[in-house]
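The values are calculated or read from the model by the stated rules, or taken from the named source; none is laboratory data. In this text, all values refer to a predicted model and were calculated from it rather than measured experimentally. Because the Cβ atoms are built from the backbone with ideal geometry, glycine has one as well, and the counts that use them run over all protein chains shown. Just the protein is used for accessible areas: all its heavy atoms, side chains included, with ligands, DNA and RNA removed. Shrake-Rupley method; radii C 1.70, N 1.55, O 1.52, S 1.80 Å.
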Amino acid sequence: MVKTDNRKALMPLFEGFEDSVLISCAEGRVGICHCDDPDKPTAGVIEAGDFYFTAGDHAFAREAFEIAKGNSEAVFMPASKDWIKALTGLGEGIITTTRYRTSPPEKFDIDNIAKLADISKFADYKLEMINEKYYAQALKKEWSWAFVGNFSDYKDFSENAFGCCITHEGRLICAASCYSVYSRGVEVEIATHPDYRRKGLATIAGAAFISECVRRGLRPHWDAANTMSLKIASKFGYTLKEEYTALSFDKEE
């Protein structure tokens, strides 16, 4: 496969694939695109951070693997069962995982979300927007990179995205931010530093972020990587739409 800027030709391969990151890619806002033929592609890979969306002819599974193989955190998002079978059949330690697509409520309960965003019980923590200082901190750590990593620099992030973070003594410890953006919405990225988990911080940051999305008139898409993320989303009114299969590298090998 080769890199391509011809997104107009590539995107029809992903038609029917429900993911806001692909909308962002179609608008030219995120993603490195790969295909077999830039003018008439029959197979494609869209690389967006740690995610690798695959579609078209699954005979190109080896080429798709080669694009992602240097990233131990890679998550393959296959468009079909044939792609799942082809990728797992390569013998490269690729395993299936379950993720959860959600649907947002018709209207968010802003009063309830405001209560969930209350950080007053944590006297030493602050709820802030991601600024240049926290942008720089996020880039340095694996757990937080995705808060800002799909943007070329701080100027790009500050002009086109945003994030709500919780800090402790000037240190970024939790955030909900834009993994990707498009003209009408965002993909939610949420995580907490391992030392600060199970305190309810993700709920607070998530609530603040959802409120900011509503204020800006943006649709916040929530694709849950696990049941914990799904549980947090449900607090804001999201409901499970479907479970689906993604692929990742087996880290226990």
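Restricted to the stretch 6-17, and to residues there that are within 22 Å of the chain's Cα centre (by Cα) and not hydrophobic (A, V, I, L, M, F, W, C), the residue that is surrounded by the fewest Cβ atoms within 10 Å (Cβ to Cβ) is Gly16.
A search for C-beta distances below 6 Å between a residue of the stretch 71-90 that is in contact (Cβ under 8 Å) with a residue 40 or more places away in the chain and farther than 19 Å from Ser20 by Cβ and any residue that is among the aromatic types (Phe, Trp, Tyr) and assigned to a strand (DSSP E or B), counting only pairs 6+ apart in sequence or on different chains, returns Ser72/Phe249; Ala74/Tyr52; Leu87/Phe76. When Ser158 is tested against (1) farther than 22 Å from Ser20 by Cβ; (2) free of Cβ contacts under 8 Å to residues at least 40 places away in the same chain; (3) open to solvent by 40 Å² or more (accessible area, probe 1.4 Å), only condition (1) is not met. Among the residues of the stretch 180-190, the ones that are of a type outside the set (Ser, Thr, Tyr) and open to solvent by less than 20 Å² (accessible area, probe 1.4 Å) come to 5 in all. Of all residues in the stretch 20-43, those satisfying the criterion of being in contact with a Phe, Trp or Tyr (Cβ under 7 Å, 6 or more places away or on another chain) and not hydroxyl-bearing (Ser, Thr, Tyr) are Val21, Leu22, Ile23, Glu27, Arg29, Asp36, Ala43.
No other residue among Ala114, Ala123 is open to solvent by 70 Å² or more (accessible area, probe 1.4 Å) and of a type outside the set (Ser, Thr, Tyr) apart from Ala123. For the stretch 202-245, name all the residues that are surrounded by fewer than 18 Cβ atoms within 10 Å (Cβ to Cβ) and assigned to a strand (DSSP E or B). Selection gives Arg219, Thr239, Leu240, Lys241, Glu242, Glu243, Tyr244, Thr245. Scanning the stretch 181-201 for residues that are among the basic types (Lys, Arg) and either part of a helix (DSSP H, G or I) or in contact with a strand residue (DSSP E or B) (Cβ under 7 Å, 6 or more places away or on another chain) (or both) yields a count of 1.
The stretch 1-109 holds strands (runs of 3 or more DSSP E) entirely within its bounds, and those carrying 2 or more residues that are within 23 Å of Glu142 (Cβ to Cβ) map to 43-48, 51-56, 75-78, 94-103. Just wondering, is there one or more residues in the stretch 58-72 that are within 22 Å of Val186 (Cα to Cα), open to solvent by 30 Å² or more (accessible area, probe 1.4 Å) and not assigned by the TED database to the domain that holds Ser158? Taking every residue of the stretch 58-72 in turn, none turns out to be within 22 Å of Val186 (Cα to Cα), open to solvent by 30 Å² or more (accessible area, probe 1.4 Å) and not assigned by the TED database to the domain that holds Ser158.
If a residue must be among the charged types (D, E, K, R) and part of a strand (DSSP E or B), how many such residues does the stretch 111-134 contain?
2
Residue pairs whose Cβ atoms lie under 6 Å apart, separated by 6 or more positions or on different chains, with the first residue in the stretch 229-251 and within 23 Å of Ala175 (Cβ to Cβ) and the second in a loop (DSSP other than H, G, I, E, B) and open to solvent by less than 20 Å² (accessible area, probe 1.4 Å), are Ala233/Trp222; Tyr238/Trp222.
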